[in-house]
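The values are calculated or read from the model by the stated rules, or taken from the named source; none is laboratory data. Treat the numbers as computed from the prediction; the structure is a model and nothing was measured. Every residue, glycine as well, gets a Cβ built from its backbone with ideal geometry; the counts of neighbours run over all protein chains shown. Each accessible area value is taken on the protein alone, full model and side chains, heavy atoms only, with ligands, DNA and RNA left out. Shrake-Rupley method; radii C 1.70, N 1.55, O 1.52, S 1.80 Å.
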Amino acid sequence: ELETEITINYFAQSLFKANSVDEVLWGLAKDCISRLEFVDCVIYIIDEASNLLVQKAAHGPKNPIDFDIHKPITIPVGNGIVGSVAKSGIAEIISDTSLDERYILDDDMRLSEIAVPIKLGEEVIGVIDSEHPEKDFYTDRHLRILNTISKLVANRIDKLKEQEDKEHLQKEIVQMNESLERQVLQKTKENIQLNKEIAEKEKSFLMAEMSSLLA
């Protein structure tokens, strides 16, 4: 239990250093899941446009080097154990995957699986999924840990998205101001040219009048 608390606190602190969603997810896989000594873990994020679960980070055989995922797959929301959890928003522990017809074989057959949703409010945005070659490997303790971790991840992703939205809005405001400045500058140039043309016409008119009077 102490090691669990240390791991969660360590991960909570490391989250504040993450400046993007990718950094959060890879930090979860490499720094947190590895400390829990899971042999395998994949973090999925839902692509809203396609309604597919996309593998975004991994620990174990799916991550042989650096920040690459070996032969990444996508899963429709509702399909498989991961897709079912994404659809229901309820975590699941599968003690024997060979008895669950929903099980989707990825890189290798494993007999235990735990899948925990990552939720922003009531909306599921992703799933933390881990598999193990032994039956009955995952426990309620693992479930409590991953539930806590998923909340930390969701909170950090929410903050990053807020920050991203603010930066995007600021960028739009800057672009709008620059556009208005260009328009004002263009109108000013046009007005200067128009005033110059008016002045030239008035000058020509006065010269014509003077010539007429002299005549």
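If you go through the range 47-61 and pick out every residue that is of a type outside the set (A, V, I, L, M, F, W, C), in contact (Cβ under 8 Å) with a residue 24 or more places away in the chain and crowded, with 16+ Cβ neighbours inside 10 Å, you end up with 2. Gln163 satisfies every condition listed in (1) over 14 Å from the mean Cα position of the chain (by Cα); (2) of a type in the set (S, T, N, Q); (3) under 21 Å from Ile46 (Cβ atoms) except (1).
Of these, Glu190, Glu164, Glu209, Glu181, which one is open to solvent by 90 Å² or more (accessible area, probe 1.4 Å) and more than 29 Å from Lys119 (Cβ to Cβ)? Working first, answer last.
Details: Glu190 fails: open to solvent by 90 Å² or more (accessible area, probe 1.4 Å); Glu164 fails: more than 29 Å from Lys119 (Cβ to Cβ); Glu209 fails: open to solvent by 90 Å² or more (accessible area, probe 1.4 Å).
Exactly one of Glu190, Glu164, Glu209, Glu181 is open to solvent by 90 Å² or more (accessible area, probe 1.4 Å) and more than 29 Å from Lys119 (Cβ to Cβ), namely Glu181.
Conditions (1) charged (D, E, K, R); (2) free of Cβ contacts under 8 Å to residues at least 24 places away in the same chain; (3) surrounded by fewer than 16 Cβ atoms within 10 Å (Cβ to Cβ), marked per residue:
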| site | (1), (2), (3) |
| --- | --- |
| Glu5 | yes, yes, yes |
| Ser20 | no, no, yes |
| Val24 | no, no, no |
| Cys32 | no, no, no |
| Ile45 | no, no, no |
| Asn63 | no, no, no |
| Asp66 | yes, yes, yes |
| Gly80 | no, no, no |
| Gly89 | no, no, yes |
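Screening the range 34-43 for residues that are in contact (Cβ under 8 Å) with a residue 60 or more places away in the chain and not aliphatic (A, V, I, L, M) and picking the one that is surrounded by the most Cβ atoms within 10 Å (Cβ to Cβ) gives Cys41.
Does the range 188-199 contain at least one residue that is hydroxyl-bearing (Ser, Thr, Tyr), at pLDDT 85 or above and in contact with a strand residue (DSSP E or B) (Cβ under 7 Å, 6 or more places away or on another chain)?
Checking the range 188-199: not a single residue is hydroxyl-bearing (Ser, Thr, Tyr), at pLDDT 85 or above and in contact with a strand residue (DSSP E or B) (Cβ under 7 Å, 6 or more places away or on another chain).
Looking across the range 93-125, just one residue is of a type in the set (D, E, K, R), open to solvent by less than 30 Å² (accessible area, probe 1.4 Å) and under 28 Å from the mean Cα position of the chain (by Cα), and that is Glu113.
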